[in-house]
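Only one structure is covered here, and it is reproduced in the block below.
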Amino acid sequence: MQKLIKSLLRDKAIYIAIFLTLIVVYLSLANLKGKLIIYFNYIDKIHHTLAYFFLTISWLSVFIGKQRKNQIVLLCIAFGILMEFLQSNLTNYRLFEYLDIVANTVGVLIGLLFFNRIEKNLINMLNSL
């Protein structure tokens, strides 16, 4: 199991991060109205937070052990803002929402906090294999 994790983190992390980025782009620009199985007020904010949580962790994993966390966090936040602008300018079924930017940013920050908690363990595990 550890070898699989090492392989994913070292060899395939960039592909996973790019794949998750493309999924976020698709989900940000696709017309998803009426396609959600569960719906309640502000569930989309939970989706935004989760998406940017995983996006941030994936990009931080690409650069694990390097001093680039601040740049990655800023890029993930900027990416979330860009997606909101693209939603309002490229589609007629999505809107620019400040609360979505807040949810994206919260997801990025939670992702950073989570990654900081597990990073030493991941580095130790990678070095021991």
Query raised in the report: Out of residues 5 or more away from F96 or on other chains, whose amide H comes under 5 Å of its own, with H placed 1.01 Å from N in the peptide plane?
Result: S88
Query raised in the report: Which of the peptides 109-115, 96-102 is most tightly packed, and how do the rest follow, going by the mean number of other Cβ atoms within 10 Å of each residue?
Result: 109-115, 96-102
Report task. Count the net charge of all other residues whose Cβ sits under 13 Å from the Cβ of E84, scoring Lys and Arg as +1 and Asp and Glu as -1. Result -> -1
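May I ask you to derive the FRET efficiency for N124 and L90 from their Cβ-Cβ distance with R0 = 35 Å, giving the value to the nearest 0.05?
Working: r = 44 Å, r/R0 = 1.26.
Once the sixth-power term is evaluated, E becomes 0.20.
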Report task. Name the shape class, rounded, prolate or oblate, that the alpha-carbon gyration tensor gives for the range 84-124, where a ≥ b ≥ c are the square roots of its eigenvalues, rounded holds for a/c under 1.5, and otherwise prolate holds if a/b is larger than b/c and oblate otherwise. Result -> prolate
Report summary line: Once phi for every residue in the range 11-17 is put through the Karplus expression 6.51 cos²θ - 1.76 cosθ + 1.60 (θ = phi - 60°), the whole-Hz ³J(HN,Hα) values, with Gly and Pro written as x, are 9, 10, 4, 5, 5, 5, 5
Query raised in the report: For the residue pair Y42 and R68, what label-to-label distance in nm results when each label sits 7 Å from Cα along the Cα-to-beta-carbon direction?
Result: 3.5 nm
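What net charge do the residues around R94 carry, taking every other residue with its C-beta under 10 Å from that of R94, with Lys and Arg at +1 and Asp and Glu at -1?
That works out to -2.
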Query raised in the report: Which pairs in the list K12/K66; K45/K120; K12/K120 are over 28 Å apart, alpha-carbon to alpha-carbon?
Result: K45/K120
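All of the numbers you see were taken from the coordinates with simple rules; none came from a lab. Model, not experiment: these values are computed from the prediction. Using ideal geometry, Cβ is built from the backbone for each residue, glycine included, and neighbour counts are taken over all protein chains shown.
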